[in-house]
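The values are calculated or read from the model by the stated rules, or taken from the named source; none is laboratory data. Small disclaimer: the values here were computed from a predicted structure and weren't measured. Note: ideal-geometry Cβ built from the backbone for every residue, glycine included; neighbour counts use all protein chains shown.
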Amino acid sequence: MSPALELTSVPGWAVTSTRPPADTSGRYWTVIAFGPAGNEVAREWSDDIYAAGRESGLRIHRIAEGDADEACAALVADLAEARVGWRLMLAGPASVCLRVRAKALECNIADDEMTIASTDTGGRDVQCVHCRTVTSVRADLEDVVPCTGCGRNLVVYYHVSRRQGAHLGFMIDAEEQVAS
């Protein structure tokens with residue numbers, strides 16, 4: 001039986017594609033868009049921010065589909081100049097948004113200062129609890145995937161590390177006794 005998603009650490013946007021409206025309550029924005037689908041969401045958000053008459057504080061970073069490292073570098077650079085009223089908006093595949101969100105949380109950005117639109121929820125980064133390797137796969141929660149580090153069959157569990165932006169994976173049959 002699956003747990004209620006709201007009782008887990010998995011954000012709803014990491015399971016179901018979302019397109020929340022732009023957070024126009026801020027005064028300054030960093031928008032990070034991944035790939036064509038993320039760019040489309042960023043265009044809609046920028047239109048909303050322009051319509052609110054706030055375009056002077058808008059920075060948009062268009063990043064290749066899976067390049068979390070470049071996105072994190074852009075985030076850190078923009079944070080160096082952030083002022084009160086700054087907001088972070090991410091649009092792209094959930095797996096990459098989770099990694100950038102982890103960096104944002106590390107930088108003490110609160111969840112309510114972030115807006116995230118997930119354009120693809122099928123990809124997951126799964127960290128093996130046995131060898132710590134992170135395996136990137138297309139899988140649903142509760143699927144079983146092979147670890148690229150130790151080869152164990154891992155359950156993609158209902159837990160996302162806020163620090164690493166990866167799902168927890170543990171060996172499916174870890175509790176079964178091995179015949180001697």
**OP:** Go through segment 132-161 residue by residue and tally those that are within 23 Å of Leu7 (Cβ to Cβ) and part of a strand (DSSP E or B).
**Re:** 8
Original post:
Restricting to segment 111-131, what's the tally of residues that are over 17 Å from Val160 (Cβ atoms) and not in a strand (DSSP E or B)?
Top reply: 4
**OP:** Could you run through segment 50-103 and say how many residues are among the acidic types (Asp, Glu) and part of a helix (DSSP H, G or I)?
**Re:** 4
**OP:** State whether the residues of segment 69-83 include one that is among the basic types (Lys, Arg) and surrounded by 15 or more Cβ atoms within 10 Å (Cβ to Cβ).
**Re:** no
Original post:
In segment 21-44, which residue that is hydroxyl-bearing (Ser, Thr, Tyr) and in contact with a Leu (Cβ under 9 Å, 6 or more places away or on another chain) is nearest to Ser118 (Cα to Cα)?
Top reply: Thr30
**OP:** Kindly indicate which of Val84, Val31 is in contact with a helix residue (DSSP H, G or I) (Cβ under 8 Å, 6 or more places away or on another chain), not assigned by TED's automatic domain parsing to the domain that holds Arg162 and not hydroxyl-bearing (Ser, Thr, Tyr).
**Re:** Val31
Original post:
Is there any pair linking a residue in segment 44-58 that is in contact (Cβ under 8 Å) with a residue 24 or more places away in the chain to one that is aromatic (Phe, Trp, Tyr), with Cβ under 6 Å and at least six apart or on different chains, and which?
Top reply: Gly57/Tyr28; Leu58/Trp29
Original post:
Within the bounds of segment 84-101, is there any residue that is surrounded by fewer than 16 Cβ atoms within 10 Å (Cβ to Cβ) and either in contact with a Phe, Trp or Tyr (Cβ under 7 Å, 6 or more places away or on another chain) or of a type in the set (Ser, Thr, Tyr) (or both)?
Top reply: yes
